[in-house]
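**Student:** I have a structure here, written as structure tokens, and I will follow up with some questions on it.
The values are calculated or read from the model by the stated rules, or taken from the named source; none is laboratory data. Quick caveat, the model's predicted, so the values are computed rather than measured. Cβ placement follows ideal geometry from the backbone for every residue including glycine, while neighbour counts extend to all protein chains displayed.
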Amino acid sequence: MAKVNILSPDVIAKIAAGEAVDRPASVVKELLENAIDAKATSIEIHLKDAGKELIHIKDNGSGISRQDLEKIFQRHATSKISAIEDLEKLHSMGFRGEALYSIAAVSDVILRSQTSVIPAKAGIQNEAWEIHIRGGKRLGLTPAAASGNGTDIKIAELFFNTPARRKFLKNNTSELNQILNVVLPYTLIYPQKRFVLTHAGRTLLDLRPASSNIDRAAAALNARMDHFLEADQEFVEEKIRVKMVLGNINIQRPRRDSQFIFINDRPVESKNLNYNLNDVYKLILPPGVYGAFIVNIALDPANVDVNIHPTKREVRLKDEGRIISLLRRMTEYQLMHKGQAKQFSNPVILSEAKELKTSYDSSALKPQNDMSHDLPLDFQLFGEENTLRSKFTRARFVGSFLQKFLIYEVDESLLIVDQHAAQERIMFEKFKDQIEAAQVESQPLLTPLLLKLTPQEKIAWEELQEKLTTAGIETTQFDDDTIAVQTQPLLLKNIRAVVLDLLAGGEAPRMDHAALARRACKASITAGDKLDASQADHQRKQLLECKDPFTCPHGRPTLIEVTQNFLDRQFLRT
Ligand SMILES: Nc1ncnc2c1ncn2[C@@H]1O[C@H](COP(=O)(O)OP(=O)(O)OP(=O)(O)O)[C@@H](O)[C@H]1O
Ligand SMILES: [Mg+2]
């Protein structure tokens, strides 16, 4: 029974058309959405060479009849809408009838499909068919052996006939990350479906049907179930229903890679919604880390316009301001009441510093280097580097403050060292030198440290494994999801944090020696010990041996000088 039709010219004219296929990830997105529209409960995606060589997707959905196979690779062929009004009640992902046409135009496609068993008609033996299209040309349509309902589609040699576009593709890490970013949201919104994603035979995702949203979120994002909370609220007047799974204070990611927003089950990118949700998370999270959230907003399809961009990633919402304020209130309530928010109370008091800055004209005391960070200007009393070096060489240790600052006196100044920043600078220079000389001192771990990786981290690890080795961190595959850390550089503590931080990089393949050392050293810094006079003196000497002693590798100062002059002014002596 045919159900695919070619849209009429007046409907075509109203649909946001354009190139929807620019890289493997966009092919995966289109095929995945087709499988979901076909009500598949199991979807497998297998890739070779990050999809450049092969994208193979198998689903157990409704399948495609022989008559429809004849049409689906034509432009504007769709079973999902027939009139433009259908967009107002759209519940499917697809509607343009563009995807297969555009994909087949630039690749070699073999699609095999089998429809639900219809009472066998005399003369028809097979309900499974295979069609082969290459560069938009049909090369064959043949009966295939029956092997279960659903569709099996192989996209090979992507962009074989458009070399310019092929050249535009990025390295495998980057393409794989984009594919993962396409797949992950669907795994979260359809917890009851099974998803498999493999690359070159290695499993990146293997998600069995989950019994709850939280269950799936934990499995897909590699987190603990008890670190999520779930809420479902209907706003009757506004005709909106919001379902959310929120990571609590225990989920703190270095990037916004665990944040997902959906409108009517469709993953969308919305800077506005994302900004506001992150803003609410600031109530419970320290600066510089990001929370996890999965927010699905169900509203009347008539109030959503998905037809503004060919990739459908952007949508226009009616009354967005109203939706945002509902969302903020609901998220805040959930995080504050259920999210263990009260465990965290570490207010940053900036007001005192600000006051100092405004009460006194400190223009004479401005720093020589032009650095932008949060310290009040008054305290960045850098002397000329040489004078500072000479002062620090002669400085006498006075004491340590809060296990965080080391105080020295010299001439008419106090020198205050940020113990951690200084330690980081010292480690960074040593470690970088060792990496550059290919002589990192490291020791085997008695028992290897097992680290379970998120799919993003797995991709990063594949690219970064060699670089980790040059940094003295040997890692091996333990099982599909886990790596074993075998060695640890002598200079670095906290090896677990170091490896995870390096894998969170994103820019892994481009990371040079300095970047590698900078990140590793930062993650290696642990909570401070109280240093006694001889330890403080040792640190002072080590810092003085550095090429660049007075800033940490991230550009913050390691040392500030407070002059007598400055103190006199604070006490209104001048
Ligand atoms: N995996 C699948 N299972 C069942 N039917 C499919 C599958 N993939 C495609 N089809 C059929 O092929 C038609 C064309 O697919 P195509 O992706 O090109 O267009 P669409 O999904 O209708 O719209 P869009 O271009 O917005 O994705 C679909 O409307 C659907 O009927
Ligand atoms: Mg489609």
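**Student:** Inside the stretch 49-67, can you point out the residues that are within 10 Å of ligand 1 (Cβ to nearest atom) and either among the β-branched types (Val, Ile, Thr) or within 17 Å of ILE131 (Cβ to Cβ) (or both)? Before the answer, list the steps.
**Tutor:** Of the residues in the stretch 49-67, the ones within 10 Å of ligand 1 (Cβ to nearest atom) are 57-65.
Of everything in the stretch 49-67, those that are within 10 Å of ligand 1 (Cβ to nearest atom) and either among the β-branched types (Val, Ile, Thr) or within 17 Å of ILE131 (Cβ to Cβ) (or both) turn out to be ILE57, LYS58, ASP59, GLY61, SER62, GLY63, ILE64, SER65.
**Student:** Select from the stretch 141-165 the residues that are more than 16 Å from ligand 1 (Cβ to nearest atom), on the phi > 0 side of the Ramachandran plot and out of contact with any helix residue (DSSP H, G or I) (no Cβ under 7 Å at 6 or more places or on another chain) and list them in ascending order.
**Tutor:** Of everything in the stretch 141-165, just one residue is more than 16 Å from ligand 1 (Cβ to nearest atom), on the phi > 0 side of the Ramachandran plot and out of contact with any helix residue (DSSP H, G or I) (no Cβ under 7 Å at 6 or more places or on another chain), namely GLU157.
**Student:** Another one. Being within 11 Å of ligand 1 (Cβ to nearest atom), closer than 29 Å to ALA302 by Cβ and aliphatic (A, V, I, L, M): is that true of ALA40 here? Talk me through it step by step, then tell me what you get.
**Tutor:** On the way: within 11 Å of ligand 1 (Cβ to nearest atom): yes; closer than 29 Å to ALA302 by Cβ: yes; aliphatic (A, V, I, L, M): yes.
Yes; evaluated as a whole, the condition is true for this residue.
**Student:** Within 14 Å of LEU111 (Cα to Cα), within 11 Å of ligand 1 (Cβ to nearest atom) and touching a strand residue (DSSP E or B) at 6+ places or on another chain (Cβ under 9 Å), is that true of LEU7? Steps first, please.
**Tutor:** Details: within 14 Å of LEU111 (Cα to Cα): no; within 11 Å of ligand 1 (Cβ to nearest atom): yes; touching a strand residue (DSSP E or B) at 6+ places or on another chain (Cβ under 9 Å): yes.
Against the criterion (within 14 Å of LEU111 (Cα to Cα), within 11 Å of ligand 1 (Cβ to nearest atom) and touching a strand residue (DSSP E or B) at 6+ places or on another chain (Cβ under 9 Å)), LEU7 does not qualify.
**Student:** Go through the residues of the stretch 425-440 one by one and say whether even a single one is closer than 26 Å to LEU544 by Cα, touching a Gly at 6+ places or on another chain (Cβ under 7 Å) and not small (Gly, Ala, Ser). Walk me through it before giving the result.
**Tutor:** Start the filter on the stretch 425-440 by keeping residues that are closer than 26 Å to LEU544 by Cα, which leaves 425-440.
Cutting the leftovers down to touching a Gly at 6+ places or on another chain (Cβ under 7 Å) gives us 440.
Cutting the leftovers down to not small (Gly, Ala, Ser) gives us 440.
Scanning the stretch 425-440 turns up at least one residue that is closer than 26 Å to LEU544 by Cα, touching a Gly at 6+ places or on another chain (Cβ under 7 Å) and not small (Gly, Ala, Ser).
**Student:** So which residues in the stretch 230-247 are buried (at least 17 other Cβ atoms within 10 Å of the Cβ) and under 16 Å from ALA219 (Cα atoms), if there are any at all?
**Tutor:** VAL245, LEU246, GLY247 - these are the residues of the stretch 230-247 that are buried (at least 17 other Cβ atoms within 10 Å of the Cβ) and under 16 Å from ALA219 (Cα atoms).
**Student:** Name the residues in the stretch 34-65 that are touching a helix residue (DSSP H, G or I) at 6+ places or on another chain (Cβ under 8 Å) and either within 13 Å of ligand 2 (Cβ to nearest atom) or free of Cβ contacts under 8 Å to residues at least 12 places away in the same chain (or both), would you?
**Tutor:** If we filter the stretch 34-65 for residues that are touching a helix residue (DSSP H, G or I) at 6+ places or on another chain (Cβ under 8 Å), which is where we start, we get 34, 36, 43, 45, 47, 49-52, 55, 57, 59, 61.
Across the stretch 34-65, the qualifying residues are ASN34, ILE36, ILE57, ASP59, GLY61.
**Student:** Being in contact with a strand residue (DSSP E or B) (Cβ under 8 Å, 6 or more places away or on another chain) and surrounded by fewer than 19 Cβ atoms within 10 Å (Cβ to Cβ): is that true of GLU474 here? Please lay out each step first, then the result.
**Tutor:** Numbers: in contact with a strand residue (DSSP E or B) (Cβ under 8 Å, 6 or more places away or on another chain): yes; surrounded by fewer than 19 Cβ atoms within 10 Å (Cβ to Cβ): yes.
For GLU474, the condition - in contact with a strand residue (DSSP E or B) (Cβ under 8 Å, 6 or more places away or on another chain) and surrounded by fewer than 19 Cβ atoms within 10 Å (Cβ to Cβ) - is met.
**Student:** Same structure again: Within the stretch 198-241, how many residues are more than 24 Å from ASN177 (Cα to Cα), part of a loop (DSSP other than H, G, I, E, B) and of a type outside the set (Lys, Arg)?
**Tutor:** 5
**Student:** I'd like the full set of residues that are part of a helix (DSSP H, G or I) and free of Cβ contacts under 8 Å to residues at least 40 places away in the same chain, limited to the stretch 526-566. Give the derivation first.
**Tutor:** At the first step, the residues of the stretch 526-566 found to be part of a helix (DSSP H, G or I) are 533-544, 564-566.
Answer for the stretch 526-566, where residues must be part of a helix (DSSP H, G or I) and free of Cβ contacts under 8 Å to residues at least 40 places away in the same chain: SER534, GLN535, HIS538, LYS541.
**Student:** Also, I was wondering about something else. So which residues in the stretch 66-78 are surrounded by fewer than 20 Cβ atoms within 10 Å (Cβ to Cβ) and either within 11 Å of ligand 2 (Cβ to nearest atom) or of a type in the set (Ser, Thr, Tyr) (or both), if there are any at all?
**Tutor:** Within the stretch 66-78, ALA77 is the sole residue that qualifies.
**Student:** Name the residue that is surrounded by the most Cβ atoms within 10 Å (Cβ to Cβ), counting only residues in the stretch 253-272 that are touching a strand residue (DSSP E or B) at 6+ places or on another chain (Cβ under 7 Å) and part of a loop (DSSP other than H, G, I, E, B). Before you say what the answer is, go through the steps one by one.
**Tutor:** First, pick out the residues of the stretch 253-272 that are touching a strand residue (DSSP E or B) at 6+ places or on another chain (Cβ under 7 Å): 253, 255-256, 258-265, 267-268, 270.
Checking which are part of a loop (DSSP other than H, G, I, E, B) leaves us with 255-256, 258, 264-265, 270.
Details: ARG255: 12, ARG256: 13, SER258: 23, ASN264: 17, ASP265: 15, SER270: 21.
Checked the stretch 253-272; the qualifying residue surrounded by the most Cβ atoms within 10 Å (Cβ to Cβ) is SER258.
**Student:** Can I ask one more? Would you mind stating whether TYR275 is at pLDDT 90 or above, buried (at least 17 other Cβ atoms within 10 Å of the Cβ) and closer than 22 Å to ALA504 by Cβ?
**Tutor:** Details: at pLDDT 90 or above: yes; buried (at least 17 other Cβ atoms within 10 Å of the Cβ): no; closer than 22 Å to ALA504 by Cβ: yes.
Considered against the rule, which asks whether it is at pLDDT 90 or above, buried (at least 17 other Cβ atoms within 10 Å of the Cβ) and closer than 22 Å to ALA504 by Cβ, TYR275 comes out as no.
**Student:** Taking the condition of being within 21 Å of LEU141 (Cα to Cα), in contact with a Leu (Cβ under 8 Å, 6 or more places away or on another chain) and small (Gly, Ala, Ser), how many residues in the stretch 78-98 meet it? Break it down into steps so the answer makes sense when it comes.
**Tutor:** First, pick out the residues of the stretch 78-98 that are within 21 Å of LEU141 (Cα to Cα): 78-79, 97-98.
Now drop any that are not in contact with a Leu (Cβ under 8 Å, 6 or more places away or on another chain), which leaves 78, 97.
Pick out the ones that are also small (Gly, Ala, Ser) and you get 97.
Residues meeting the conditions: 1.
**Student:** So, THR558, is that one closer than 30 Å to SER390 by Cβ, crowded, with 19+ Cβ neighbours inside 10 Å and of a type in the set (Ser, Thr, Tyr) or not?
**Tutor:** On the way: closer than 30 Å to SER390 by Cβ: yes; crowded, with 19+ Cβ neighbours inside 10 Å: yes; of a type in the set (Ser, Thr, Tyr): yes.
Judged against the criteria, THR558 is a match.
**Student:** Name the residues in the stretch 474-493 that are free of Cβ contacts under 8 Å to residues at least 40 places away in the same chain and more than 17 Å from ARG425 (Cα to Cα), would you? So that I can check it myself, show each step before the final result.
**Tutor:** We begin by selecting, within the stretch 474-493, every residue free of Cβ contacts under 8 Å to residues at least 40 places away in the same chain; these are 474-479, 482-484, 493.
Answer for the stretch 474-493, where residues must be free of Cβ contacts under 8 Å to residues at least 40 places away in the same chain and more than 17 Å from ARG425 (Cα to Cα): GLU474, THR475, THR476, GLN477, PHE478, ASP479, THR482, ILE483, ALA484.
**Student:** Would you mind finding the one in ALA514, ALA523 that is in contact with an Asp or Glu (Cβ under 7 Å, 6 or more places away or on another chain), in the same structural domain as GLN423 (by TED's automatic domain parsing), in a helix (DSSP H, G or I) and among the small types (Gly, Ala, Ser)? Lay out the reasoning, then the answer.
**Tutor:** Working: ALA514 fails: in contact with an Asp or Glu (Cβ under 7 Å, 6 or more places away or on another chain).
From the options ALA514, ALA523, the qualifying one is ALA523.
**Student:** Moving on. Could you tell me which of the residues ALA83, ALA99 is of a type in the set (A, V, I, L, M) and either in contact with a Cys (Cβ under 8 Å, 6 or more places away or on another chain) or near ligand 1 (Cβ under 9 Å from one of its atoms) (or both)?
**Tutor:** Numbers: ALA83 fails: either in contact with a Cys (Cβ under 8 Å, 6 or more places away or on another chain) or near ligand 1 (Cβ under 9 Å from one of its atoms) (or both).
Just a single option satisfies the conditions, and that option is ALA99.
Conditions tested, residue by residue: (1) modelled with pLDDT of 95 or more; (2) of a type in the set (Asp, Glu).
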site: TYR186; (1), (2): yes, no
site: THR203; (1), (2): no, no
site: ASP232; (1), (2): no, yes
site: PHE235; (1), (2): no, no
